[in-house]
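Beneath this line is the structure, given in structure tokens, with notes to follow.
The values are calculated or read from the model by the stated rules, or taken from the named source; none is laboratory data. Keep in mind that this is a model prediction, so the values were computed, not measured. Here the Cβ positions follow ideal geometry from the backbone for every residue, glycine too, while neighbour counts run over all protein chains shown. Calculation scope for accessible area: heavy atoms of the full protein, side chains included, ligands and nucleic acids excluded. Shrake-Rupley method; radii C 1.70, N 1.55, O 1.52, S 1.80 Å.
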Amino acid sequence: MVLIRHGETEWSRSGQHTGKSDIALTEFGEQQARAAGPLIRGVLGSTEPALVLSSPRQRAWRTAELAGFHVEETNSDAAEWDYGDLEGLTSPDIRKQLPGWSVWSGPIPGGEDAAAVSARLDRLLNTITARLEATGRSGPVLVFSHGHAIRCLAARWLGDPVTSGRHFWLGTGAVCSLGYEHGHPVVLHWNISTTLGGGAAR
């Protein structure tokens, strides 16, 4: 499974938490998305993806388009963490109200807690398996998604709680892949980016 974080947006650049808000890519974010195409191809090698999924947010599916991949399905389970009442705020802003706050430990009033995110991403993994089985396809799956969601998805792939995602830093426009070694789930590649670089995960 190849996971791609969307390119830069105004809010990812400023550090504002962006969940349900449908923010467009910046010009630099579009450059990052185009640059992600060859990176994804490098991870895939000569293999074509068996399935291409995206979050329904435009910053994700637009990244897929600019990277040169047709999104077969948008899936709300691939969306970013729902930050609820904290949407659009930076971590320093939130900590003025909630000292010591972290998305990993909460609280997230009006949004998703870690248990809800975990259930949603587990459902996404099950959906991917079901899609491949139903179509008889095999091969890598591309998922265009978001910073916290991808970090949480990697944690769940490894069988860890989503809060373990705090250990996986991820820049905008970066490419990751998950797979197996001797039958055990592993992280194969993480945070691959071009010299364009990527902003901090939000």
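So the values come out like this:
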{"quantity": "Cβ-derived FRET efficiency at R0 41 Å, residue 105 paired with residue 135, nearest 0.05", "calculated": "0.55"}
{"quantity": "Backbone HN-Hα couplings from phi across the range 44-51 [Karplus 6.51/-1.76/1.60, Hz, Gly and Pro as x]", "calculated": "6, x, 8, 8, 8, x, 7, 7"}
{"quantity": "Where trypsin sites (Lys or Arg not before Pro) fall in DSSP loop in the range 81-184, at most 15 other Cβ within 10 Å", "calculated": "137"}
{"quantity": "Length-normalised contact order of the chain in % [C-alpha pairs under 8 Å, at least 6 apart]", "calculated": "32"}
{"quantity": "Calculated from backbone phi, Karplus (6.51, -1.76, 1.60) coupling profile of the range 66-77 in Hz, x at Gly/Pro", "calculated": "5, 7, x, 10, 7, 7, 7, 7, 9, 9, 5, 5"}
{"quantity": "Equivalent ellipsoid semi-axes - Cα gyration tensor, the range 1-81, angstrom", "calculated": "21, 15, 9"}
{"quantity": "Separation of the residue 194 and residue 115 label points, Cα + 7 Å toward Cβ, nm", "calculated": "4.4"}
{"quantity": "Length released on extending from residue 122 to residue 65, taking residue separation times 0.36 nm less the Cα-Cα span", "calculated": "17.9 nm"}
{"quantity": "Exposure of residue 184 as accessible area (Å², to 10), given a probe of 1.4 Å and all protein chains", "calculated": "120"}
{"quantity": "Inter-site label distance for residue 58 and residue 24 at 7 Å from Cα along Cβ, in nm", "calculated": "0.6"}
{"quantity": "Taking the range 27-145 and dividing mean pair separation by its residue count, relative contact order in percent (alpha carbons under 8 Å, at least six apart)", "calculated": "36"}
{"quantity": "Karplus 3J(HN,Hα) series, Hz, for the range 94-108 with 6.51 cos²θ - 1.76 cosθ + 1.60 (x for Gly, Pro)", "calculated": "5, 5, 5, 8, 10, x, x, 5, 9, 4, 6, 10, x, x, 10"}
{"quantity": "Pairwise label distance in nanometres, residue 184 with residue 90, each label 7 Å out on the Cα-Cβ vector", "calculated": "4.1"}
{"quantity": "Accessible surface ranking that places the most exposed of 77, 85 first, with a 1.4 angstrom probe", "calculated": "85, 77"}
{"quantity": "Summed side-chain charge close to residue 131 - residues other than residue 131 whose Cβ falls under 11 Å, Lys, Arg +1, Asp, Glu -1", "calculated": "-2"}
